[in-house]
Amino acid sequence: MKPLRSILNSIKPHFEKGGKLEKFWPVYDGFETFLFVPGHTTHSGAHIRDGIDLKRVMITVVFAMIPALLFGMWNTGYQHYLAQGITDSTHMQNFLFGLVKVMPIVVISYAVGLGVEFLFCIIKKHTINEGFLVSGMLIPLALPADIPLWMVAVATVFAVVIGKEVFGGTGMNILNVALTARAFLFFAYPTMMSGNAVWHADTAFSGKVDAVTGATALGDAASKMPIEEFTSKYSILDSFIGTIPGSIGETSTLACLIGAAILLYTGVASWRVMLSVFAGGYVMGFIFNLFGVNTLMQISPLQHLFLGGFAFGAVFMATDPVTAAQTNTGKYIYGFFVGFFAILIRVFNPAYPEGVMMAILFMNVMAPLIDHYVVQANVSRRLKRVNIKA
Amino acid sequence: MSNQVKIKKGIDLKLKGTPEKVLATAHQPSTVSIKPTEFLGVTPKLVVKQGDRVKAGSPVFTDKYNERITFTSPVSGEIIEIKRGEKRKLLEIIIKADAESVYENFSVSDPKTLSREQVMDALLKSGIWPFMKQRPFDIVANPTDYPKAIFISSFDSAPLAPDNDFVLHGQGDVFQTGLDAICKLTEGKVHLNVRGDEKPTGVFTNSKGVQINKIYGPHPAGNVGVQIHHIAPINKGEVVWTIKPQDILTIGRLFKSGKYDASRIVAVSGACVKTPKYFKTIQGVKLSDLVKDNYIAETPTRFISGNILTGSNVGLEGYLGFYDYQVTLIPEGGNDEFFGWLAPGFNKFSLSRTFFSWLMPSKEYNLNTNLNGEARAFVMSGEYEKVFPMDVYPVHLLKSILIEDVEAMEKLGIYEVAPEDFALCEVVCTSKIPVQSIVRKGLDIVKKECS
């Protein structure tokens with residue numbers, strides 16, 4: 001990689017202090033450190049360091065999302081052809097159709113998001129942070145395939161600026177960046193983001209909405225489809241595998257679980273959060289089952305965990321280390337309530353079938369409070385020790 | 001009554017260059033040094049000039065605010081250099097060693113028959129006192145304090161650390177004399193903490209007058225701060241003293257022979273050492289004398305006095321630290337890695353399993369000094385907790401230090417910690433935060449506030 005290194009070395013002086021392009025140092029530095037992990041050595045404290053850095057963490061999360069992305073592409077095509085009444089499309093056709101639909105969303109999300117990041121870094125003279133590597137993939141996966149690209153761009157700008165940069169960048173944000181984008185779209189363009197049409201690529205705008213399929217599973221359940229009809233239309237297996245309509249990355253619980261396995265095995269995400277989100281969701285679903293006065297309440301607690309963005313949120317969004325609770329005890333509480341509220345909102349407020357999004361954002365806000373009480377408990381344990389002695 | 005403490009959190013790093021249990025005699029030291037900067041909490045006041053002749057045990061400098069604390073020369077010889085830094089800060093005093101050391105005479109006595117004041121006096125005059133450190137703040141103990149307990153960690157669990165069972169073998173008598181002296185210093189207990197996983201040497205288990213506690217688990221189980229935390233945690237206003245096993249031998253020799261015998265056994269370890277083993281040498285020895293012909297000269301090497309977690313980078317021409325019983329030589333890093341964050345990383349050590357080195361769990365690593373990334377804000381959570389076996393929230397404590405909130409630091413347990421307890425946190429940190437120096441800064445702030 002010597003030629004590349006020497007190119008970098010030759011243009012470096014322009015970006016350094018006193019150079020013509022001094023202002024753009026963060027951009028140069030961003031590229032250089034992207035290509036080469038810098039050979040900085042330890043100066044204080046421990047002389048050796050773990051191989052991990054934030055780039056490695058982020059790329060691991062991106063890898064973990066790839067099964068969901070690939071499945072999402074296939075499913076986009078599958079749902080499209082299904083809506084058209086074509087049931088014998090090949091896997092390849094499905095996938096290619098999805099690829100063409102989804103790739104632009106991914107590209108726009110990364111391009112716009114990184115553009116905004118670079119801009120802020122230049123203005124604030126910060127080094128460029130890796131945080132958006134993950135957000136840039138999470139945003140498309142949380143969106144329906146048919147979303148207009150300009151909306152992706154607007155939402156990404158909003159999320160990066162208001163969700164992250166105003167707080168000081170990666171590590172300082174209160175709300176999950178990708179969910180901020182999703183919530184922004186949800187409230188700014190409610191007609192686009194809910195209803196029946198949007199979930200099938202190329203149908204909303206071509207007017208070819210098929211009567212056979214319509215909304216997402218949750219939409220159907222909310223519109224009081226009887227439970228028998230619901231379970232025959234959306235079997236537990238279908239909702240687990242993910243051959244149902246929904247946002248690009250969220251439909252397949254299986255793909256999310258593959259991602260979860262990668263995240264947990266590598267130790268990148270917290271198993272405490274993930275486990276307790278599922279536990280909280282199951283408990284709430286179970287409680288509703290006991291009453292069972294409408295379709296949403298009658299859905300089995302297990303299937304609740306497979307529907308909508310629940311698994312996706314639990315695996316990739318609730319576990320965001322910056323916005324989740326930071327203490328180990330806090331993580332259990334935080335996770336449990338994410339799951340609990342997700343199902344609660346889903347069932348009690350059918351206008352927001354995506355309860356997971358609201359639940360995670362709400363618990364993001366609550367996480368510092370949870371941590372506060374966990375840490376206070378530690379503080380009072382310490383004080384008690386003195387009082388016992390005295 | 002003895003305690004058993006089981007440490008679960010932590011990690012024993014597997015590194016190349018474990019010292020073989022062979023004792024060699026190092027080359028005669030040419031020069032030795034005393035570094036006043038090592039003695040935290042002390043303001044040095046020189047009592048010698050360049051060109052003065054000193055004996056082993058003669059005072060070199062004292063603490064300006066507590067003149068009873070003297071720092072003495074480990075050898076007899078001539079003061080050849082006094083290094084000063086900015087604002088004439090005293091950095092290092094270099095002494096040219098005589099071929100044969102001449103010792104100052106201190107009285108020979110059985111510490112059991114002495115009073116606390118007499119023992120204290122003997123330790124202070126001979127310059128052995130500074131081996132005694134205090135918690136909180138991890139500084140040289142203040143002789144006017146009455147500690148609630150004294151803690152001795154009999155084993156060092158840090159990577160490649162010397163095995164005290166080997167080092168102290170057969171010196172039970174001297175060790176006991178040292179312990180007798182130490183027992184005079186506190187009305188509380190003297191805790192001698194031994195490793196529970198293996199059977200420790202009789203030198204430790206036959207010790208009298210002390211409480212022997214068994215400690216189980218990975219590093220940092222051998223850190224005295226961790227042991228104190230689990231056995232008798234420090235509350236605000238309390239003081240605990242700590243001392244290391246080899247220093248107790250030095251005390252024992254003082255009372256038995258009347259000399260300040262600064263010889264010590266040092267483990268020469270690390271991947272850049274040809275034959276890692278133990279050397280009998282002296283406090284403050286020059287590293288080049290210690291590792292002469294025993295390091296791989298072809299690779300750029302970092303010469304560390306101490307272990308890789310907490311030691312200091314002194315260089316080949318540097319000197320062994322006062323509190324160090326180990327020298328570690330590891331390859332110096334500094335090379336860029338093309339897409340290093342994307343590569344499979346079979347050779348990368350990581351607590352996480354993000355590199356494929358998890359396929360080889362028993363691999364011995366040859367790690368260099370690369371930071372492996374750039375400094376970032378706190379992003380990951382729960383990382384430090386995996387290697388920090390105290391009931392303290394490390395990140396919250398660090399954040400309270402960063403905002404210099406003394407009250408919060410007190411509440412979160414600053415009195416119980418020392419930088420070394422955070423060393424593993426620093427190693428595993430994804431965001432490459434300089435954890436140990438932040439903790440040191442916090443201790444300094446609180447100490448200033450308390451005084």
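Per-structure values
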quantity	calculated
Region B:114-259: relative contact order as a whole-number percent, Cα under 8 Å and 6+ apart	36
Among B:253-266, B:331-344, the order from most to least packed when residues are scored by Cβ within 10 Å on average	B:253-266, B:331-344
Per-selection Rg to Rh, region B:309-380 - Cα, Kirkwood hydrodynamic radius	1.03
20 Å-binned pair-distance histogram of chain A (Cα, whole percent)	26, 53, 19, 2
Ranked A:Ser232, A:Ser135, B:Ser400, B:Ser30, criterion: other C-beta atoms within 10 Å, fewest first	A:Ser232, B:Ser30, B:Ser400, A:Ser135
Two-decimal ratio, region A:237-318, of alpha-carbon radius of gyration to 2.2 N^0.38 Å	1.11
Gap separating the Cα centres of region B:100-176 and region A:298-338, nearest whole Å	54
Region B:283-391: relative contact order as a whole-number percent, Cα under 8 Å and 6+ apart	22
Charge sum, other residues only, whose C-beta stays under 15 Å from B:Gly318's C-beta, Lys/Arg counted +1 and Asp/Glu -1	-2
Members of B:Lys133/B:Lys363; B:Lys89/B:Lys411; B:Lys49/B:Lys96 lying beyond 25 Å, as alpha-carbon distances in this model show	B:Lys133/B:Lys363; B:Lys89/B:Lys411
Percent of Cα pairs exceeding the 44 Å cut-off, where the set is chain B	8
Amide N proximity, region A:237-256 versus A:Thr87 label position 7 Å along Cα-to-Cβ, cut-off under 17 Å	A:238, A:243-245
Check: chain B dipole with +1 on Lys, Arg Cβ and -1 on Asp, Glu Cβ, in debye	280
For region B:370-449, Kirkwood radius (reciprocal of mean inverse C-alpha pair distance, Å)	12.7
Eligible lysines near B:Lys8 by straight Cα distance, threshold 16 Å, same-chain separation 8 or greater	B:Lys214, B:Lys386
Cβ-based exposure ranking for A:Phe31, A:Phe230, in which fewest neighbours within 10 Å come first	A:Phe31, A:Phe230
Charge dipole of the protein assembly as shown about the Cα centre (unit charges at C-beta), most positive-ward option of A:Ile11, A:Ala221, A:Gly242	A:Ile11
Cα extents of region B:131-180 along the three principal axes, largest first (Å)	34, 29, 15
Rg in Å to one decimal, and Dmax rounded to a whole Å, for region B:1-92 via C-alpha atoms	19.4, 54
Stokes-Einstein diffusion coefficient of region A:242-390, Kirkwood radius over Cα pairs, 37 °C, 0.692 mPa s, in µm²/s	205
Descending semi-axes in Å of region B:294-451, equivalent ellipsoid built from Cα gyration tensor	30, 22, 13
Only Lys, Arg (+1) and Asp, Glu (-1) charged, at Cβ; the protein assembly as shown dipole about Cα centre in debye	1620
Helix B:172-183 axis, angle to chain B major axis (alpha carbon atoms, nearest 10°)	90
Two-decimal ratio, region B:82-125, of alpha-carbon radius of gyration to 2.2 N^0.38 Å	1.84
Alpha-carbon Rg with Dmax, taken over region B:120-258, Å	14.1, 40
Zero-based 10 Å bins, Cα pair distances in region B:202-266, whole percents	15, 39, 34, 12
The protein assembly as shown - Rg and Dmax from Cα coordinates, angstrom	31.8, 104
Inter-centroid distance (Cα atoms) of region A:107-165 relative to region B:3-39, Å	49
Charged-residue dipole, Cβ positions (Lys, Arg, Asp, Glu), chain A about Cα centre, Debye nearest 20	1600
Computed Rg/Rh of region B:227-323, alpha carbon atoms with Kirkwood Rh	1.07
Cα pair distances of region B:297-351 binned at 10 Å [whole percent]	21, 38, 28, 12, 0
Rh (Kirkwood; distinct C-alpha pairs) - region A:1-93, Å	17.9
Neighbour-limited loop hits for trypsin sites (Lys or Arg not before Pro), region B:124-227 (at most 15 other Cβ within 10 Å; DSSP other than H, G, I, E, B)	B:Lys208
Inter-part distance where region A:2-42 and region B:71-96 are each reduced to a Cα centre, Å	43
Ranked A:Thr295, B:Thr37, A:Thr231, criterion: other C-beta atoms within 10 Å, fewest first	B:Thr37, A:Thr231, A:Thr295
In sequence order, calculated HN-Hα J values of region B:250-260 (Karplus, 6.51, -1.76, 1.60; Hz; x Gly/Pro)	4, 5, x, 5, 4, 6, 7, 10, x, 10, 8
log₁₀ of I(q)/I(0) at q = 0.13, 0.17, 0.26 Å⁻¹ - region A:328-390, Debye sum with one point per alpha carbon	-0.46, -0.62, -0.97
Contact order relative to length of chain A, as percent, for alpha carbon pairs under 8 angstrom and 6 or more apart	15
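Rule-based calculations on the coordinates, nothing more; no lab input. Model, not experiment: these values are computed from the prediction. Cβ coordinates were reconstructed from backbone atoms using ideal geometry, including for glycine residues, and neighbour counts include every protein chain displayed.
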